[in-house]
1. Name the one entry in E262, E201, E233, E168 that is open to solvent by 50 Å² or more (accessible area, probe 1.4 Å) and either over 30 Å from Y303 (Cβ atoms) or of a type in the set (S, T, Y) (or both).
2. So in the stretch 63-79, with the set limited to residues that are without any contact (Cβ under 8 Å) to a residue 40 or more places away in the chain and of a type outside the set (K, R), which one is most open to solvent (accessible area, probe 1.4 Å)?
3. Does F324 satisfy being without any contact (Cβ under 8 Å) to a residue 40 or more places away in the chain, surrounded by 15 or more Cβ atoms within 10 Å (Cβ to Cβ) and of a type in the set (F, W, Y)?
4. For V283, are the conditions met, namely being farther than 30 Å from K365 by Cβ and crowded, with 19+ Cβ neighbours inside 10 Å?
5. Here is a list of conditions, (1) open to solvent by less than 80 Å² (accessible area, probe 1.4 Å); (2) under 24 Å from V232 (Cβ atoms); (3) in contact with a strand residue (DSSP E or B) (Cβ under 6 Å, 6 or more places away or on another chain), and F317 meets all of them except one; can you say which number that is?
6. Of the residues that make up the stretch 95-115, is at least one free of Cβ contacts under 8 Å to residues at least 60 places away in the same chain and more than 24 Å from L227 (Cα to Cα)?
7. Given the conditions (1) under 25 Å from P228 (Cα atoms); (2) out of contact with any Pro (no Cβ under 7 Å at 6 or more places or on another chain); (3) not acidic (D, E), and given that P329 satisfies all but one, which numbered condition is not satisfied?
8. For the stretch 51-71, what are the residues that are in contact with a His (Cβ under 9 Å, 6 or more places away or on another chain) and modelled with pLDDT under 95?
Amino acid sequence: MKGSFMFLLVLLCATFHVSFSLIDGLVANGNFELGPKPSDLKGTVVIGGRHAIPEWEISGYVEYIKSGQKQGDMLLVVPEGAYAVRLGNEASIKQNIKVIKGMYYSITFMVARTCAQEEKINISVGSDYGVIPIQTVYNSYGWDPIAYGFKADYEEVIMVIHNPGIEEDPACGPLIDSIALRTLYPPRPTNKNILKNGGFEEGPYIFPNTSWGVLIPPNIEDNHSPLPGWIVESLKAVKYIDSQHYSVPQGTRAVELVAGKESAIAQVARTIPGKTYVLSFSVGDANNSCEGSMIVEAFAGKYTIKVPYESKGKGGFKRAALKFVAFGPKTRIMFLSTFYTMRSDDFSSLCGPVVDDVKLLSLRKP
């Protein structure tokens, strides 16, 4: 009976383009391969009304872009498939998504900057709202996958991606493509690890046919982070990577610190004042031609350790540990990279040391 119910639910989701927790992947027409009718286009500009793009409601100056199209001397590249949308001044795209009330979710979407230099994206899902800066380009492809987390307050939420920019050229806006949803199951501390999600196994959707990983943007709060348990409290993003495309020290996921001291992750752990703890973790490289001398700085309250790692860019890792005495009921654990690093085969792509398998345990006998 249970198996039949699950099959019917999956069938209904596939039929009616409903995103439930059982299905992780693109939202309805999330790759924009279903486009407007020819009569709804004037060149690249969508003129056929709010519902001209199937499954989406649009507002403002929205363009439907084909891969390989040119804007002056600039070639517009689409990351997956043949089409994407571009959001001009104050333009937005919107879709209603069926979810499970009370559950946590992450949205992953591809974004590319075009001609504006200070571009940013506003994203809102239900009552959650965030501003994501995209002026930093993290790789030479020009496209970056970005994640955003939210909690479902209702059984149906409205997702809006909006360009708040005002440029002289209304077409100078970001390109958007490949919008996907993933259900998050926030882990809890255990008797084997006081930290939550220390192995980073729980995180945003990673597109299976790409090798870019996913950027977790800066200033993401703990409760609704697309990386459950962790806070990105830096000026730049951190990169979430998978073992299918990268070298990962343990399990199938890890975090790459791609922007030096501007790229940091943190978690506040419950501790007992006066008690001794050991913070242990892995430091390595992602097998992505990120070569050279790297240093990961780990912090536990006022204690710190610098872990050097000589990377050949071909994968590998080492373990490190920091012993400390807790001074309060809460201790902030943080990791950052001392240096900026660029890939040796691509000097336009930021990279850095990988952090994984982070454990925090108390010592019975210090």
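1. None of the other options fit; the residue is E168.
2. Across the stretch 63-79, the extreme among qualifying residues is D73.
3. Taking the combined requirement at face value, the residue does not satisfy it.
4. no
5. (1)
6. Yes, the stretch 95-115 has at least one match.
7. Here P329 clears every test but (2).
8. Hit for the stretch 51-71 is G60, nothing else.
The values are calculated or read from the model by the stated rules, or taken from the named source; none is laboratory data. Owing to the predicted nature of the structure, the values given are computational and were not obtained by experimental measurement. Positions of Cβ are backbone-derived with ideal geometry, glycine not excepted, and every protein chain shown enters the neighbour counts. The accessibility values were calculated without ligands, DNA or RNA, using every heavy atom of the protein model including side chains. Shrake-Rupley method; radii C 1.70, N 1.55, O 1.52, S 1.80 Å.
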